[in-house]
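Q: Supplied in structure tokens, the structure appears directly below.
The values are calculated or read from the model by the stated rules, or taken from the named source; none is laboratory data. Just so we're clear, the structure is a prediction, and the values are computed from it rather than from any experiment. When we count neighbours, we look across all protein chains shown, and the Cβ atoms used for this are built from the backbone with ideal geometry, even at glycine. Accessible surface is based on the protein model in full, side chains and every heavy atom, while ligands, DNA and RNA are left aside. Shrake-Rupley method; radii C 1.70, N 1.55, O 1.52, S 1.80 Å.
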Amino acid sequence: MLEVCGISVRYGAVRAVTDLSLSVAEGEIVALIGSNGAGKSTTLNAISGIVPLSGGSIRFAGEKLDGLPPHEVVRRGICQSPEGRRVFGSMSVAENLEMGGYTLAGKGAVREGMERAFALFPRLAERRSQLARTLSGGEQQMLAMARALISSPRLLLLDEPSMGLAPQLVEKVFETIVTINRQGTTILLVEQNAGMALEIAGRASVLETGSVVLSGPASDLARDPQVQRAYLGI
Amino acid sequence: MILQQLVNGVALGCTYALIALGYTMVYGIISLINFAHGEIFMAGAFAGLLLVAYGKLNLFLALAGAMLVSVLLGIGVEFVAYRPLRRASRLSALISAIGVSIFLSTLAMLLFGANARGFPEGTFPSRQIDIFGAQISSLQLLIIVTAGVLMLALELVVKKTRIGKAMRAASEDYTAAALMGINVNLVVTFTFALGSALAAAGGVLVGVLFNAVSFNMGLHAGIKAFAAAVLGGIGSIPGAVLGGIVLGVAEISGVALGYSSWRDAIAFAILVLVLLVRPTGLLGKRIDRKV
């Protein structure tokens, strides 16, 4: 469904991503793991059209994706829940979800999306009129994920959904990711919590200094001694 | 007496507020001090004047026409001078803004001459109205009511409409807004349009109040309004309104106490004092920048 072919991204003179390729098939959970600054977020932002490519190409459902502005990428069915949650703090929970449904035509579609989100995250329904910045970290993460789901994307890009959360909340977030996937959304997951990511993903790639150094079935990577030493702390 | 000065101050403050809103909204979204905004205000004043003098329109139709002219000009300036620099450094865009400002005021001087021009006699009936012992001029009432209506309309647009909500989202987090599928470039265009419309209304009202429209009116009013926006907290819409009115009232109070030659000094002294105590302005948010 998603084909990333040999992309490069540079910030000025700095090469953030070099000749990176990966693919995601319909229905999968694919994990991108790696340490800080390995280029994981840059890769997601390149797919979302936030940063321009300096080489390579990205195709989605057979169509060329690179070069499109971010809102066109969302229209084609890819939505990102960014690192650090980045909810709109001075807007209410409901308004945040409305922004998530910005590309949808008509209020009915937005309301439907919200009902689906509230079914998945009942906590948000209770807080719908509260300002997003008054939510706890875990609730903000739920809101960020719910917001990215309102437009019913075919591919959901999740950037560090477990960042800064207490262990039992991390567990809950990963359970929710599996639920979202079972309901038919394909997921590309970027995580520093490599252990959990490899547990729920079907396939995974390891990034180091902007390139893929290892990729394969997640269960194989979890048993790989190099991965265990570098990312799983075993 | 006090009530009368208060009305004088609020009327002047309303004109500052109308201009300050444009500065603050644009800054809120693309972190640019749009130095050409004062010239959009000046262009609105000239458009209003020409529509009244040669178009023989009544003041309110001329006001609407002037707003339309400035909207087109504001969108044009953004498209030509700022959009190509969206990924460049802040400083480049700032220099570009200063360039546009000089260009527009010089162009106005070439087109309309260096002397101030007045609105034709009887554009708006000027008379004194006695309210609770205060002598209020009908022009001041016109300014306060018109500015009030426009600010209420702005509040409705920003709070209730789809594009208004997108504006708030983009102002809070530009990238996150883009990731949600909001066409942020369209939001920027819309923001320039709104700000320019309000500035044009301010220009026409100021032109009628002082019965003077000149090529360099944008510089002075622009700096005052910019100070008002900073005083209220740059990026905050209610802050711009509050900052404008506080500045207007402070200036008129100074004049009433006999320090009329100090009026600009008073305005800027207040700005400095407030910023010393509250660096983000009266209603400004704490700035915590993400890396």
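Q: Let me spell it out: the conditions are (1) in contact with a Leu (Cβ under 6 Å, 6 or more places away or on another chain); (2) more than 14 Å from chain A (Cβ to nearest Cβ), and B:Gly233 meets all of them except one. Which number is the exception?
A: The one condition B:Gly233 does not meet is (2).
Q: So A:Gly89 passes all but one of these: (1) touching a strand residue (DSSP E or B) at 6+ places or on another chain (Cβ under 6 Å); (2) not in a strand (DSSP E or B). Which condition number does it fail?
A: Unmet for A:Gly89, out of (1) touching a strand residue (DSSP E or B) at 6+ places or on another chain (Cβ under 6 Å); (2) not in a strand (DSSP E or B): (1).
Q: Checking B:Phe119 against (1) of a type in the set (A, V, I, L, M, F, W, C); (2) within 11 Å of another protein chain (Cβ to nearest Cβ); (3) in contact (Cβ under 8 Å) with a residue 40 or more places away in the chain; (4) farther than 20 Å from B:Arg83 by Cα, only one condition comes out false. Which one?
A: Just one mismatch for B:Phe119, condition (2).
Q: Identify, please: which residue in the range A:1-36 is part of a loop (DSSP other than H, G, I, E, B), closer than 20 Å to A:Thr209 by Cβ and touching a residue at least 60 places away in the same chain (Cβ under 8 Å) and is, among those, most open to solvent (accessible area, probe 1.4 Å)?
A: Of everything passing the filter in the range A:1-36, A:Asn36 is most open to solvent (accessible area, probe 1.4 Å).
Q: Which pairs have Cβ atoms under 7 Å, sit 6 or more apart or on different chains, and link a residue in the range A:81-108 that is at the interface with another protein chain (Cβ under 7 Å from one of its Cβ atoms) and on the phi < 0 side of the Ramachandran plot to one that is in a strand (DSSP E or B) and open to solvent by less than 40 Å² (accessible area, probe 1.4 Å)?
A: A:Pro82/A:Asp159
Q: Name the residues in the range A:53-73 that are without any contact (Cβ under 8 Å) to a residue 24 or more places away in the chain, open to solvent by less than 40 Å² (accessible area, probe 1.4 Å) and in a strand (DSSP E or B), would you?
A: Answer for the range A:53-73, where residues must be without any contact (Cβ under 8 Å) to a residue 24 or more places away in the chain, open to solvent by less than 40 Å² (accessible area, probe 1.4 Å) and in a strand (DSSP E or B): there is none.
Q: Next question. I need the full set of residues from the range B:243-276 which are of a type in the set (A, V, I, L, M) and without any contact (Cβ under 8 Å) to a residue 24 or more places away in the chain, in order please. Break it down into steps so the answer makes sense when it comes.
A: Taking the range B:243-276 first, the residues of a type in the set (A, V, I, L, M) are B:245-247, B:249-250, B:252, B:255-257, B:265-267, B:269-276.
Hits for the range B:243-276 are B:Val255, B:Leu257, B:Ala265, B:Ile266, B:Ala269, B:Val272, B:Leu273, B:Leu276.
Q: Using the structure shown, decide if A:Ser41 is open to solvent by 10 Å² or more (accessible area, probe 1.4 Å) and in a strand (DSSP E or B). Quick ask: steps written out before the conclusion?
A: Details: open to solvent by 10 Å² or more (accessible area, probe 1.4 Å): yes; in a strand (DSSP E or B): no.
Judged against the criteria, A:Ser41 is not a match.
Q: What pairs can you find where one residue is in the range B:155-174 and touching a residue at least 40 places away in the same chain (Cβ under 8 Å), the other is not β-branched (Val, Ile, Thr), and their Cβ atoms are less than 7 Å apart, with a gap of 6+ or different chains?
A: Going by the 7 Å Cβ cut-off, the qualifying pairs are B:Val158/B:Gly164; B:Val158/B:Met167; B:Val158/B:Arg168; B:Met167/B:Phe190; B:Ala170/B:Ala177; B:Ser171/B:Gly28; B:Ser171/B:Gly235.
Q: Working carefully through the options A:Ser151, A:Ser211, A:Ser215, A:Ser205, find the one that is in contact with a strand residue (DSSP E or B) (Cβ under 6 Å, 6 or more places away or on another chain), within 22 Å of A:Met114 (Cβ to Cβ) and surrounded by 14 or more Cβ atoms within 10 Å (Cβ to Cβ). Walk me through it before giving the result.
A: Details: A:Ser211 fails: within 22 Å of A:Met114 (Cβ to Cβ); A:Ser215 fails: within 22 Å of A:Met114 (Cβ to Cβ); A:Ser205 fails: within 22 Å of A:Met114 (Cβ to Cβ).
A:Ser151 is the lone residue from the list that is in contact with a strand residue (DSSP E or B) (Cβ under 6 Å, 6 or more places away or on another chain), within 22 Å of A:Met114 (Cβ to Cβ) and surrounded by 14 or more Cβ atoms within 10 Å (Cβ to Cβ).
Q: Ok, one more. Of all residues in the range B:215-233, count the ones that are open to solvent by 10 Å² or more (accessible area, probe 1.4 Å) and either assigned to a helix (DSSP H, G or I) or modelled with pLDDT under 95 (or both). Even if it seems obvious, please write down each step before you answer.
A: First, pick out the residues of the range B:215-233 that are open to solvent by 10 Å² or more (accessible area, probe 1.4 Å): B:215-217, B:219-221, B:223, B:226, B:230.
Cutting the leftovers down to either assigned to a helix (DSSP H, G or I) or modelled with pLDDT under 95 (or both) gives us B:216-217, B:219-221, B:223, B:226, B:230.
So the answer is 8.
Q: Looking at the range B:180-193, which of the residues that are at the interface with chain A (Cβ under 7 Å from one of its Cβ atoms) and buried (at least 23 other Cβ atoms within 10 Å of the Cβ) is nearest to A:Phe88 (Cα to Cα)?
A: Going residue by residue through the range B:180-193, those that are at the interface with chain A (Cβ under 7 Å from one of its Cβ atoms) are B:180-183.
Imposing the further condition that a residue be buried (at least 23 other Cβ atoms within 10 Å of the Cβ) reduces the set to B:180-182.
Numbers: B:Met180: 11, B:Gly181: 14, B:Ile182: 13 Å.
My answer is B:Met180.
Q: Let me ask you something else. Based on this model, can you work out whether A:Gly62 counts as assigned by TED's automatic domain parsing to the domain that holds A:Ile7, at pLDDT below 95 and at positive phi?
A: On the way: assigned by TED's automatic domain parsing to the domain that holds A:Ile7: yes; at pLDDT below 95: yes; at positive phi: yes.
Criteria met by A:Gly62.
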